[in-house]
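The values are calculated or read from the model by the stated rules, or taken from the named source; none is laboratory data. Here the structure is a predicted model, which means the values were calculated and not measured. Every residue, glycine among them, receives a Cβ derived from its backbone with ideal geometry; neighbour counts consider all protein chains shown. SASA here: full protein model, heavy atoms, side chains in, ligands and nucleic acids out. Shrake-Rupley method; radii C 1.70, N 1.55, O 1.52, S 1.80 Å.
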Amino acid sequence: MDPRKPAEAVKDAVQHATATLTDAAAPPVPGAPGSGTPPLAEPTEPREPLPPKPEQGHPEPRTPTGAVTGCPAGAYAQQGEFLTTAQGARLRDTDHSLKAGARGPILLQDHHFREKITHFDHERIPERVVHARGAGAHGVFTGYGTADAITRAGFLRKGCETPVFVRFSTVLGSRGSADTVRDTRGFATKFYTDEGTFDLVGNNIPVFFIQDAIKFPDVVHAAKPHPDREIPQAQSAHDTFWDFVSLHTEAQHHTMWNMSDRGIPRSYRTMEGFGVHTFRLVNDAGDTVLVKFHWKPRLGVHSLVWEEAQLLSGFDPDFHRRDLYDAIEAGAYPEWELGLQVFPDTPEQTFAGIDLLDPTKIVPEELAAVQRVGKLVLNRVPSNFFAESEQVAFHLGNLPPGIDVTNDPLLQGRLFSYLDTQLTRLAGPNFPQIPINRPHAPVNDMLRDGFHQHAVHSGVAPYRPNSLDGGNPFRAGDGENAFVDVPVRVAEAPKIRANPVSFSDHFSQTRLFWQSMTPVEQEHIVAAYTFELGKCYERAIKERQVQCLADIDPVLCERVAAGLGLPVPKPTRPLAEVAPSPALSQLGREWPADGRTVGIVVGPEADLAGVRAVREAALGAGLVPLVIAPHGGQVGDLTVQRTFDAARSVEFDGLLLAAAPPPAPGAVPARDARTGTADPAPIDPRVLRLAEEAWRHAKAIGAWGDGIAVLRATGIADTPGVISAYAGPDTFAAVQELLATHRVWQRFPTV
């Protein structure tokens with residue numbers, strides 16, 4: 001197996017096995033829990049720990065001060081054949097405490113019990129206040145060299161490969177909440193550059209709720225569960241959230257994005273990322289520009305529909321996490337391009353009348369194109385979730401030479417808050433020495449002692465200048481690539497608590513977003529506002545937010561008010577004249593279908609040769625085919641990946657019907673509510689429900705042979721995006737083409 005690209009090797013092996021038209025090998029389905037096959041009986045012969053799975057990886061072995069150790073990648077993992085104490089002493093027994101006789105009390109001298117239980121008692125660290133629910137992956141970023149004229153940041157040079165770790169997250173929920181809630185998603189990237197670590201800490205929404213960091217505790221307290229009952233979890237559909245955003249109208253733009261389909265992404269792989277703030281770049285000559293960072297996914301920007309998101313919260317609350325890791329395991333590596341919107345660095349720090357320091361504003365891409373400067377590929381899954389995804393610590397102040405901050409008041413506050421937070425979460429100031437946080441550049445910081453100090457410092461003079469340590473460490477000179485705070489002139493001004501006048505426009509860009517949506521997307525926004533406000537108890541809060549909608553767009557306001565049974569208010573200000581930005585819509589383009597999941601329904605009389613051909617074609621196209629059958633195990637020589645009991649349409653991007661199987665033994669109401677209570681049907685009712693749900697969620701559906709009977713029985717035959725063909729490969733080819741637009745949008749009714 002090629003050690004450099006393990007997931008690709010796994011995928012190649014699976015495709016080769018499939019090409020033989022047998023299922024003797026493991027099915028092409030990611031998600032195996034370990035790298036070995038467990039025996040039925042408990043293993044008793046001592047052996048070394050199993051290696052990690054092919055798609056798993058570790059942080060690169062570095063010392064706490066950034067030096068390459070030369071150790072193999074698994075050096076951080078457990079070692080040896082035998083169970084030991086934390087000090088390496090081998091143990092004979094870990095199932096029985098040391099007692100005074102078999103029925104006596106436990107003895108205080110049981111050092112193994114005390115070590116084991118004490119460590120267990122302290123295994124949990126405080127979860128993040130926000131972004132607690134997250135998942136991370138390793139990868140590599142490759143620069144294109146197209147940014148050389150505007151920044152001296154080395155990781156953007158042509159062909160420069162930089163290791164990265166990316167953490168995706170929801171904002172509001174706890175660690176145990178569901179992935180598919182309506183929420184903003186974090187998109188934080190740690191670049192391990194050889195000039196120092198760069199953390200690009202962004203979201204999947206380019207604007208923020210607030211303009212000044214001093215309000216950050218307020219918006220988070222308002223959005224989190226109510227303090228008396230600690231409900232609702234991971235939701236904004238409650239009174240305190242809408243009370244805040246209707247009073248702080250600067251939040252209306254971000255709220256509109258959240259109420260759109262952007263708030264329920266299909267996958268982390270189909271999410272845009274944004275740096276939110278405006279940053280300053282400086283080149284070798286000292287010239288500066290202002291920029292906004294964008295991540296553009298190769299697969300396009302796609303979302304769930306609301307019913308899918310609700311079903312997935314129960315059916316698979318880990319849906320986004322599983323999707324990310326399964327894609328990497330299957331070799332369908334997620335990819336994004338890093339892009340920059342570039343603006344002149346003028347004293348006003350505005351562009352086309354837009355204040356670049358206002359984090360509640362965007363610059364439409366039609367006014368400033370996004371210029372691609374590099375590519376990110378995620379290709380390794382963490383080998384230990386806690387050690388990596390939970391302990392990774394991001395900080396906006398981690399900047400390499402060539403990138404600097406601006407006076408955005410939200411950014412300025414985050415520069416303090418992120419560092420301050422890590423001190424509590426990670427128990428002291430030495431959290432950069434945790435393996436996932438260790439820089440890949442030499443560290444000589446003169447920082448000593450403190451909790452969890454892993455470096456073993458030498459020398460006697462942790463200060464400078466000094467002579468006792470030969471003057472080390474020395475300052476980097478002008479030609480030695482030091483980080484430089486750009487000497488921006490600060491205007492003379494009084495010391496006040498205020499915002500610039502340009503920050504007072506809270507509605508024009510919110511209106512811009514609404515008017516940039518297609519009719520289908522607008523209907524989803526109306527439904528989201530109606531649902532969320534319908535969950536509020538206080539009428540005054542609903543009416544106040546509906547008044548905000550009146551100041552955004554009268555059509556939006558009227559439709560939401562009708563759904564809530566409220567009067568339609570008049571705008572309190574003139575409606576802004578805006579030019580729609582097509583770049584904000586998710587519809588109207590085609591994208592690669594790599595990594596998409598296709599369900600294939602089979603039964604005892606299915607065209608198995610056709611199914612095998614479809615599976616081979618799907619694997620060859622980079623998709624993940626899953627066979628759905630009445631029972632587990634085998635159907636003919638096909639391995640079954642999903643049963644009628646376990647399959648729901650929300651798991652699949654497309655559905656193929658190779659059979660119309662009769663009701664299986666499990667198709668009784670006592671075992672599965674989806675079977676209903678009507679008289680037995682000639683087709684298994686769970687298959688009918690699967691097809692109906694896929695149709696309702698605008699999925700591509702295809703059938704051939706006996707499977708066409710399912711289309712007729714459900715009444716979805718001859719409707720948009722439903723394919724009937726003579727043979728399986730023809731059906732798959734048509735469905736694959738439909739997957740390029742993500743959904744069959746014609747099926748969604750609009751007003």
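Going through the range 524-607, which chymotrypsin sites (Phe, Trp or Tyr not before Pro) have at most 12 other Cβ atoms within 10 Å and a DSSP loop state? If you can, show how the numbers build up before the last one.
Details: sites: TYR529, PHE531, TYR537; in loops: TYR537.
Answer by residue number: TYR537.
Enumerate by residue number the trypsin sites (Lys or Arg not before Pro) in the range 84-117 meeting two conditions: DSSP loop (anything except H, G, I, E, B), and at most 10 other Cβ atoms within 10 Å of the site's Cβ. Write down the numbers at each step before the final one.
On the way: sites: ARG90, ARG92, LYS99, ARG103, ARG114, LYS116; in loops: ARG92, ARG103.
Those satisfying the criteria are ARG92, ARG103.
About its Cα centre, what dipole magnitude does the chain give when the only charges are +1 on Lys and Arg Cβ and -1 on Asp and Glu Cβ, stated in debye to the nearest 20? Provide the component values of the computation, followed by the final result.
On the way: 71 positive and 90 negative charges, 165 e Å.
It works out to roughly 800 debye.
Measure out, as a whole number of angstrom, how far apart the alpha-carbon centroids of the range 379-429 and the range 210-287 sit.
First find each Cα centre; the distance between them is then 18 Å.
Taking only C-alpha pairs under 8 Å that are 6+ residues apart, what is the relative contact order of the chain in percent? Before the final figure, lay out the partial values.
On the way: 1428 pairs, mean separation 97.5, N = 751.
It comes to 13 percent, rounded to a whole number.
What is the distance in Å between the Cα centres of the range 102-144 and the range 545-573?
Answer, in whole Å: 50.
Report the trypsin sites (Lys or Arg not before Pro) located in the range 152-196 that are in a DSSP loop and have at most 13 other Cβ atoms inside 10 Å of their Cβ, or state none. The partial results should precede the final answer.
Numbers: sites: ARG152, ARG157, LYS158, ARG167, ARG175, ARG182, ARG185, LYS190; in loops: ARG152, ARG157, LYS158, ARG175, ARG182.
Qualifying residues, ordered by number: LYS158, ARG175.
What shape does the range 217-336 have by the C-alpha gyration tensor, where a ≥ b ≥ c are the square roots of the eigenvalues, rounded means a/c under 1.5, and otherwise prolate means a/b greater than b/c and oblate the rest?
Details: a/c = 2.44, a/b = 1.15, b/c = 2.13.
Oblate, since a/c reaches 1.5 and b/c is not below a/b.
With an 8 Å Cα cut-off and a minimum separation of 6 or more residues, compute the relative contact order for the range 273-338 in percent. Before the final figure, lay out each step's value.
On the way: 52 pairs, mean separation 21.8, N = 66.
Value for the range 273-338: 33 percent.
Please turn the phi angles of the range 167-172 into ³J(HN,Hα) values with the Karplus equation 6.51 cos²θ - 1.76 cosθ + 1.60 (θ = phi - 60°), one per residue in order, whole Hz, x for glycine and proline.
Result, ordered by residue: 10, 9, 6, 8, 9, 8 Hz.
In whole Hz and in residue order, list the ³J(HN,Hα) couplings for the range 379-394 that follow from phi through the Karplus curve 6.51 cos²θ - 1.76 cosθ + 1.60, θ = phi - 60°; x for Gly and Pro.
9, 9, 8, x, 7, 9, 4, 5, 4, 10, 5, 7, 9, 5, 10, 9
With every protein chain present, what is the per residue accessible area of the range 202-286 (1.4 Å probe, Å²)?
Result: 28 Å² of accessible area for each residue.
Over the C-alpha atoms of the range 629-733, what are the Rg and the largest Cα-to-Cα span, Dmax, in Å?
Cα only, the range 629-733: 13.2, 39 Å (Rg, Dmax).
Need the C-alpha centroid separation for the range 518-534 versus the range 735-751, integer Å.
Centre-to-centre distance over Cα atoms comes out at 18 Å.
Based solely on its DSSP helices, what 222 nm [θ] is calculated for the chain when runs of n ≥ 4 H residues each add -39,500 (n - 2.57) and the sum is averaged over all residues, nearest 500 deg cm²/dmol? Can you show the working numbers first?
Values: 16 runs with 180 residues, N = 751.
So the calculated ellipticity at 222 nm is -7500 deg cm²/dmol.
At 1.4 Å probe size, with the rest of the protein present, what percent of the exposed accessible area of the chain is carbon and sulfur atoms? Display every interim value, and only then the final one.
Details: 19350 of 34670 Å².
Carbon plus sulfur share of accessible area: 56 percent.
Counting only heavy atoms of the protein chains, get the accessible area per residue of the range 673-722 (1.4 Å probe) and round it to a whole Å² value. Working shown, then result.
On the way: 2100 Å² over 50 residues.
I get 42 Å² per residue for the range 673-722.
Per residue and in cubic angstrom, what volume does the convex hull of the Cα atoms of the range 267-411 have?
On the way: hull volume 23.3 nm³, N = 145.
Per-residue hull volume (Cα only) is 161 Å³.
Write down the radius of gyration of the range 477-583 and its Dmax, each obtained from C-alpha positions, in Å.
Answer for the range 477-583, Rg first and Dmax second: 20.9, 68 Å.
Skip the ligands, DNA and RNA, and give the accessible area per residue of the range 408-504 with a 1.4 Å probe, whole Å². Mind showing how you got there, number by number?
Details: 6910 Å² over 97 residues.
That works out to 71 Å² per residue.
Could you give the length gained by full extension between PHE483 and HIS122, i.e. 0.36 nm per residue of separation minus their alpha carbon distance, to one decimal place?
Details: separation 361, 0.36 × 361 = 129.96 nm, distance 3.87 nm.
Working it through step by step, the gained length comes to 126.1 nm.
Using only alpha carbons, build the gyration tensor for the range 197-257 and give me the equivalent ellipsoid semi-axes, biggest first, whole Å.
Values: eigenvalues 93, 44, 26 Å².
Semi-axis lengths for the range 197-257 are 22, 15, 11 Å.
Tell me whether the range 75-221 comes out rounded, prolate or oblate; compute the Cα gyration tensor, take square roots of the eigenvalues as a ≥ b ≥ c, and use a/c under 1.5 as the rounded threshold. Working shown, then result.
Numbers: a/c = 3.71, a/b = 1.80, b/c = 2.06.
The shape class here is oblate.
By what distance, in whole Å, do the Cα atoms of the chain stretch along each of the three principal axes, largest value first?
The Cα atoms of the chain stretch 88, 81, 58 Å along their principal axes.
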